[in-house]
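Written below as structure tokens is the structure these notes are about.
The values are calculated or read from the model by the stated rules, or taken from the named source; none is laboratory data. Everything numeric in this text was worked out from a predicted model, so none of it was measured. Ideal geometry is used to build each Cβ from the backbone, glycine not excepted, and the neighbour counts take in all protein chains shown. Heads up: the accessible areas ignore ligands, DNA and RNA and are worked out on the full protein's heavy atoms, side chains in. Shrake-Rupley method; radii C 1.70, N 1.55, O 1.52, S 1.80 Å.
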Amino acid sequence: MRELDVKVITENVAEMCKEAAYYLPDDVYRGLKRGRETEKSEVGKIVLDQIIKNAEIAKAEDRPYCQDTGMTIVFLKVGQDLHITGGDLTEAVNAGIAKGYTEGYLRKSVVGEPLFNRVNTKNNTPGVIYTEIVPGDKLDITIAPKGFGSENKSGIKMLVPADGVKGVKKAVMEIILHASMNPCPPMVVGIGIGGTMDRAALLSKKALTRSIDERNPMPEYAKLEEELLEMINQTGIGPQLGGTTSALAVNIEWGPTHIAGLPVAVTICCHAMRHSHRVL
Amino acid sequence: MTEALARGEKLPVDWKNQIVYYLGPTPAKPGDPIGSCGPTTSGRMDAYTPTMLDQGIKGMVGKGSRTPEVVEAMKRNGATYFAAVGGAAALIAKSVKKYTVLAYPELGPEAVAALEVVDFPAIVVIDCEGNNFYEIGQKPFRNFDINQI
Ligand code: SF4
């Protein structure tokens, strides 16, 4: 059985936290450039120029792309034939987050308890860690730091089957219009359809780990992604101060659901669509 | 600060004719005055803003919409609201030359500090008469009505 020491996991997670904070993924960078070419608002062009330049400075100088380096969402796919040795997996991941956020000069934005005693944990832990057991003997790690300017504008709607495609479009657009320019557009919109309330929310987060250039493999969903993107880009929200580049992409993931339900979750991500992926 | 004012205490900083920038920067790397420092959501301050504007603040820099109460207080005090580009944090850091903590150091990135800036990129979004560029800027590009779905 293949063995993997937790120390290796901690080191990799630490590096990945820094990478994700400094380097905007290429697909998002190209999406911003495309948006700049087609943007119709003069102010919108100025804003996009600043955002593109920001990505270049952050990458060239190893600086956080945005000051909100987020809550650290971690997706782990653990191969069922992998033996993790030397300690606890969750602790190892959190140790990696603490190391990366401290060494990388990233902002620590997590409070230990949400309501009565909001004290900063001072190292950005704990991360929001999802673990899935999969075939194989590898550990697949995706790190997706999430800023809260956009997270606070996300939402969920429990539709009924009769609402259909029209209902889904309406629910999504209500959330987008309510968010307006607040989540630092151009946005990337992750949508989860189906499952239970919690599963839909998780699918909407997973949707954001897919490249913005890749459409859903099922043609009906791919079409819905494109239709929603077009609608969002006609709201006028634009890159924060009005315009035509309100969103770079809409990514939908779906899952089986109950005969009586049609949950729709929308996670709005800002242009700081940060990710890092490694397989150990 | 609004709590201190409510208790009748004096504030540690004189806000008269100052411009306030809402931000929570990343820690500075060695040799830098500040880390990445884009604007934070101004709306989080809205509940306290009218009181603070009455202390003499003339300008605010942040991102996102403001409540009607804030806009009223801006008109009353002749104050302007500027937007910095949300998320352009590494770029904005280039224009900050000096960062000096003035009060509440225990709040870390959210302490009150004096910033010295050159060519700071900000755009007026709500002026002292209440004109709102967020609305004006969106209108010509709006071609969508949710009731048409
Ligand atoms: S919403 Fe995104 S880009 Fe805007 S401040 Fe938050 S993390 Fe940064």
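To keep it simple, each residue is scored yes or no on (1) among the charged types (D, E, K, R); (2) within 16 Å of the ligand (Cβ to nearest atom); (3) surrounded by fewer than 21 Cβ atoms within 10 Å (Cβ to Cβ); (4) within 13 Å of chain B (Cβ to nearest Cβ).
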residue: A:T142; (1), (2), (3), (4): no, no, yes, no
residue: A:G147; (1), (2), (3), (4): no, yes, no, yes
residue: A:I156; (1), (2), (3), (4): no, no, yes, no
residue: A:P161; (1), (2), (3), (4): no, no, yes, no
residue: A:E174; (1), (2), (3), (4): yes, no, yes, yes
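Just to be sure I understand, how many residues within region A:246-278 are outside any strand (DSSP E or B), open to solvent by 10 Å² or more (accessible area, probe 1.4 Å) and touching a helix residue (DSSP H, G or I) at 6+ places or on another chain (Cβ under 9 Å)?
Here the count works out to 5.
Looking at (1) open to solvent by less than 30 Å² (accessible area, probe 1.4 Å); (2) among the β-branched types (V, I, T); (3) within 11 Å of chain A (Cβ to nearest Cβ), which is the one condition that is false for B:V70?
Every listed condition holds for B:V70 apart from (3).
Being open to solvent by 10 Å² or more (accessible area, probe 1.4 Å), within 13 Å of the chain's Cα centre (by Cα) and at the interface with chain A (Cβ under 9 Å from one of its Cβ atoms) is the filter here; which residues of region B:26-53 pass it?
B:T40, B:T41, B:G43
Is it fair to say B:A73 is outside any strand (DSSP E or B), touching a Ser or Thr at 6+ places or on another chain (Cβ under 7 Å) and within 16 Å of the ligand (Cβ to nearest atom)?
The answer is no for B:A73.
When you go through (1) under 15 Å from the mean Cα position of the chain (by Cα); (2) assigned to a helix (DSSP H, G or I); (3) not β-branched (V, I, T) one by one for B:L91, which number turns out not to apply?
Checking B:L91 against (1) under 15 Å from the mean Cα position of the chain (by Cα); (2) assigned to a helix (DSSP H, G or I); (3) not β-branched (V, I, T), the one that fails is (1).
Does any residue of region A:221-237 turn out to be over 20 Å from B:D145 (Cα atoms), hydrophobic (A, V, I, L, M, F, W, C) and touching a residue at least 24 places away in the same chain (Cβ under 8 Å)?
Looking through region A:221-237, none of the residues is over 20 Å from B:D145 (Cα atoms), hydrophobic (A, V, I, L, M, F, W, C) and touching a residue at least 24 places away in the same chain (Cβ under 8 Å).
Just one of A:E227, A:E214, A:E220 is open to solvent by 40 Å² or more (accessible area, probe 1.4 Å) and within 14 Å of chain B (Cβ to nearest Cβ); which is it?
A:E227
Give the residues of region A:46-95 that are among the charged types (D, E, K, R), touching a residue at least 40 places away in the same chain (Cβ under 8 Å) and away from the ligand (no atom under 12 Å from the Cβ), sorted by residue number.
A:D62, A:R63, A:K77, A:D81, A:D88, A:E91
Is it fair to say A:T102 is surrounded by fewer than 20 Cβ atoms within 10 Å (Cβ to Cβ) and modelled with pLDDT of 95 or more?
yes
When the residues of region B:95-149 are narrowed to those that are of a type in the set (K, R) and at the interface with another protein chain (Cβ under 7 Å from one of its Cβ atoms), which ends up most open to solvent (accessible area, probe 1.4 Å)?
B:K139
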